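See structure below.
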Amino acid sequence: MYEDLRGKSVIVTGASSGIGKAIALRFGREQAHVVLNYNSNNKPIQAMVEEIESYGGKAVGVQGDVSEEESVQALIQAAHDNFGSLDVMVNNAGIENEVPSEKLSLEDWKKVIDVNLTGAFLGSREAINYMLENDIKGTVINMSSVHEVIPWPHFVHYAASKGGVKLMTETLALEFAPKGIRVNNIGPGAIYTPINEEKFQDPEARASVESMIPMGYIGKPEEIASVAAWLASSEASYVTGITLFADGGMTKYPSFQGGRG
Ligand code: BGC
């Protein structure tokens with residue numbers, strides 16, 4: 001638990017499932033006040049609000065597509081109207097689909113870039129504007145991936161979006177460090193979430209992914225949520241412009257394990 005997160009106003013985009021849901025609930029456990037953004041899936045939201053309230057936090061669900069400027073502005077407004085501030089912006093919403101690059105349509109390319117990269121930009125820009133206007137030394141956390149550094153055939157749009165998020169975050173961190181606003185990335189590896197549920201249900205596919213994880217197992221969303229809580233807390237007060245990989249070692253060239261090479 002991080003004492004200073006109690007009562008902080010937090011927005012989590014893509015909060016209705018997977019990593020976003022775990023992050024939102026973790027901030028709830030920290031007794032923060034959480035705007036739960038969802039796009040199409042509102043089913044879990046009411047139960048999440050109740051769970052967060054049972055921890056002594058507060059929460060409100062807000063529908064919105066993060067690739068739309070007005071939706072993102074409405075999220076900031078909701079944090080202001082409901083909780084009187086905005087201290088932590090978690091740009092988590094993301095999508096992916098597998099398509100060999102030579103067959104990737106412009107439409108699919110744009111969709112992934114719009115949500116993963118443009119969405120994170122809009123969330124960062126709007127949150128930073130609010131923090132500047134209200135003299136808040138807040139923090140922005142963007143959801144990147146191991147694929148900000150690891151190329152990923154059949155997911156070129158996804159990898160490009162995360163590579164973009166990496167330099168966007170580093171640039172914003174540099175730009176707003178003098179204002180005391182910290183901007184960081186989390187780089188999850190393979191995590192059990194609905195985005196890849198189907199893939200990990202197939203034992204062969206799961207074993208193949210596990211063989212690329214030095215720690216030998218696929219991570220849990222809560223193992224990413226704990227990183228988000230730490231990055232948002234004052235324990236990370238001197239940390240800006242980084243990607244904190246939580247990937248069981250996936251980015252550390254697992255094919256060299258055992259002294260190969
Ligand atoms: C993707 C997952 C994938 C993992 C490791 C993540 O960014 O969302 O689908 O399993 O990277 O490749």
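Every number here is computed from the coordinates shown, using simple stated rules; none is lab data. It should be emphasised that the depicted structure is a prediction, and the values quoted were computed from it without experimental measurement. We place every Cβ from the backbone using ideal geometry, glycine too, and count neighbours over all the protein chains shown.
If the chain linking residue 98 and residue 111 were pulled fully straight, counting 0.36 nm for each residue of separation and taking away their Cα-Cα distance, it would gain 3.4 nm.
Just to be sure I follow the definition: excluding the sites themselves, where is the longest run in the chain that has none of the GluC sites (Glu not before Pro) in a DSSP loop with at most 15 other Cβ atoms within 10 Å? It runs 99-261.
By the combined test of axial Cα extent (at least 24 Å) and Kyte-Doolittle hydropathy (mean at least -1.0), the qualifying DSSP H helices of the chain come to 156-176. When +1 charges are put on Lys and Arg Cβ atoms and -1 charges on Asp and Glu Cβ atoms, the dipole computed for the range 29-111 relative to its Cα centre reaches about 140 debye.
Of interest is the spacing of the C-alpha centroids, which for the range 210-227 and the range 92-111 amounts to 24 Å. A full extension of the chain between residue 4 and residue 175 corresponds to an added length of 59.1 nm, given 0.36 nm per residue minus the alpha carbon distance. Among 150, 128, 52, which one shows the biggest mean-square fluctuation in a GNM of the chain, springs joining Cα atoms closer than 10 Å? Most flexible of the set in this elastic network: 150. Extension gain, residue 135 to residue 50: 0.36 nm times the residue separation minus the Cα-Cα distance gives 27.5 nm. Taking the centroid of alpha carbons for each part, the range 20-64 and the range 118-169 are 21 Å apart. Distance between the pseudo-spin-label points of residue 68 and residue 226 (7 Å out from Cα toward the beta carbon): 3.8 nm.
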